[in-house]
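J.: Got a structure for you, written out below as structure tokens; questions coming shortly.
The values are calculated or read from the model by the stated rules, or taken from the named source; none is laboratory data. Everything quoted here is computed from the prediction, not taken from an experiment. Backbone-built Cβ (ideal geometry, glycine too); neighbour counts: all protein chains shown.
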């Protein structure tokens, strides 16, 4: 009997080891694409890379041009422990300037480092997995134009069992998918474009959708609002079921993204301030597309709201 | 005994009621309440200005001046409504930085007043003339909120 239990344990461990192995794309998966840094800048602002990766100035978040100095170092205090954003500047040794295009795509869309290690989903690769690969390559071309920042951020400090990176392979089996979350009308170009931006690069769901016990997004409550990941208050519901947003027109939403003003001329607050400042850098058509998507998705409520 | 009980209950109820009245009256005169009301007035005045800038409302020079005057009066009154002891309570969204960085907060208020006064002095008669003036004054909302307001939700 003991032998049987031991055998079962070994089989499970071996199966777990293989199932948790990082899965990567190969060069054959990359499309023939001339990477365009100008198109990549649009992705950069939609994704708000600088909001996590720009080096804080005297402990405060970077603003203006400083958002382009991606030396990392920002800390995120979460129930899992402390995460620190790494250097993603074009520095060849401390940043990601030395990475191949394929290594960059695997980091963004498979959550795997060039050394073959899993990234934690605090880096929202589970959203970026839904991006077009060509957009990811354009983004890389834009990042290459930004300054090289020397120096590396300290490591994350996580609690057990979260400190075991290999376990993330199982998390990815359950939560990593390139399939869109919401089915939208194929003939509505604005909503389609909005979906790409919201579900992909913009990674809006990472804060606005509640998570389950394993930290995966509950897609049946997509964008229905969630507890603030930093522990205070709530991130609002942004589906048509939202009490606040149901009165906002597409135009009101687009104006909010552009100016930071709500229809009542209150201003954005909390972490949305930085998000809005990034969205302000987009073309008007992209802001309208995001707004059109938010009006088109199903009305949902959060389980705990 | 029954009479005594009724007396106690009545006394208790009227005491409770009068305490509620006092509490409401105090809240109405508290700095937290006053500055909240004032901020609401600033928001109400902002709405037609924003509507005109967005092309949602017809330009009206008189309404513009009216709103700007509300802003001026509020900017002048705000400074006194953040005394020591009013840092928290009554759901205030005032950030601790108002008290730890009082000079910075006062400078933000002064800037709001200055930009508003500039717009009033110019007395713009067309939307094109009003746009940059109102825009400059509007910027102060975000600048101050980002630093000196906390978001509870």
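J.: For the stretch A:159-179, enumerate the residues that are without any contact (Cβ under 8 Å) to a residue 12 or more places away in the chain and surrounded by 18 or more Cβ atoms within 10 Å (Cβ to Cβ). So that I can check it myself, show each step before the final result.
T.: Initially, the stretch A:159-179 is screened for residues without any contact (Cβ under 8 Å) to a residue 12 or more places away in the chain, giving A:160-161, A:164.
Within the stretch A:159-179, no residue meets the criteria.
J.: Which of the following residues is part of a helix (DSSP H, G or I), over 22 Å from the mean Cα position of the chain (by Cα), surrounded by fewer than 16 Cβ atoms within 10 Å (Cβ to Cβ) and touching a residue at least 24 places away in the same chain (Cβ under 8 Å): A:251, A:304?
T.: Only one candidate passes the filter, namely A:251.
J.: Can I ask one more? Checking the conditions here, which among A:240, A:229, A:210 is under 19 Å from residue A:195 (Cα atoms) and surrounded by fewer than 21 Cβ atoms within 10 Å (Cβ to Cβ)?
T.: Residue meeting the stated conditions: A:240.
J.: Taking the criterion of being in contact (Cβ under 8 Å) with a residue 40 or more places away in the chain, closer than 19 Å to residue A:79 by Cα and surrounded by fewer than 22 Cβ atoms within 10 Å (Cβ to Cβ), would at least one residue in the stretch A:180-198 satisfy it?
T.: No, because not a single residue in the stretch A:180-198 is in contact (Cβ under 8 Å) with a residue 40 or more places away in the chain, closer than 19 Å to residue A:79 by Cα and surrounded by fewer than 22 Cβ atoms within 10 Å (Cβ to Cβ).
J.: Only one of A:229, A:298 is assigned to a loop (DSSP other than H, G, I, E, B), modelled with pLDDT of 95 or more and more than 14 Å from every other protein chain (Cβ to nearest Cβ); which?
T.: The match here is A:298.
J.: Ok, one more. If you take the residues of the stretch A:265-295 that are over 21 Å from the mean Cα position of the chain (by Cα) and within 30 Å of residue A:66 (Cβ to Cβ), which of them is farthest from the other protein chains (Cβ to nearest Cβ)?
T.: A:285
J.: Could you say whether any residue in the stretch A:61-82 is within 22 Å of residue A:290 (Cβ to Cβ), modelled with pLDDT of 95 or more and surrounded by fewer than 20 Cβ atoms within 10 Å (Cβ to Cβ)?
T.: no
J.: Since residue B:65 meets every condition but one in (1) surrounded by fewer than 17 Cβ atoms within 10 Å (Cβ to Cβ); (2) in contact (Cβ under 8 Å) with a residue 12 or more places away in the chain; (3) closer than 19 Å to residue B:34 by Cα, which condition does it not meet?
T.: In the conditions (1) surrounded by fewer than 17 Cβ atoms within 10 Å (Cβ to Cβ); (2) in contact (Cβ under 8 Å) with a residue 12 or more places away in the chain; (3) closer than 19 Å to residue B:34 by Cα, residue B:65 misses (3) alone.
J.: Would you pick out the residues in the stretch A:203-226 that are in a helix (DSSP H, G or I) and within 14 Å of another protein chain (Cβ to nearest Cβ)?
T.: Within the stretch A:203-226, A:207, A:208 qualify.
J.: Moving on. Residues that are more than 14 Å from residue B:31 (Cα to Cα), modelled with pLDDT of 95 or more and out of contact with any helix residue (DSSP H, G or I) (no Cβ under 7 Å at 6 or more places or on another chain): does the stretch B:74-91 have at least one? Give the derivation first.
T.: Residues of the stretch B:74-91 that are more than 14 Å from residue B:31 (Cα to Cα), as a first pass: B:75-76.
The next check asks that each one be modelled with pLDDT of 95 or more; those that pass are B:75-76.
Filter once more, keeping what is out of contact with any helix residue (DSSP H, G or I) (no Cβ under 7 Å at 6 or more places or on another chain): none.
Taking every residue of the stretch B:74-91 in turn, none turns out to be more than 14 Å from residue B:31 (Cα to Cα), modelled with pLDDT of 95 or more and out of contact with any helix residue (DSSP H, G or I) (no Cβ under 7 Å at 6 or more places or on another chain).
J.: So in the stretch B:125-139, with the set limited to residues that are in contact with a helix residue (DSSP H, G or I) (Cβ under 7 Å, 6 or more places away or on another chain), in contact (Cβ under 8 Å) with a residue 24 or more places away in the chain and surrounded by 20 or more Cβ atoms within 10 Å (Cβ to Cβ), which one is farthest from the other protein chains (Cβ to nearest Cβ)?
T.: In this case the residue turns out to be B:130.
J.: Being surrounded by fewer than 10 Cβ atoms within 10 Å (Cβ to Cβ), without any contact (Cβ under 8 Å) to a residue 12 or more places away in the chain and in a helix (DSSP H, G or I) is the filter here, so list the residues in the stretch A:14-50 that pass it.
T.: A:18, A:28
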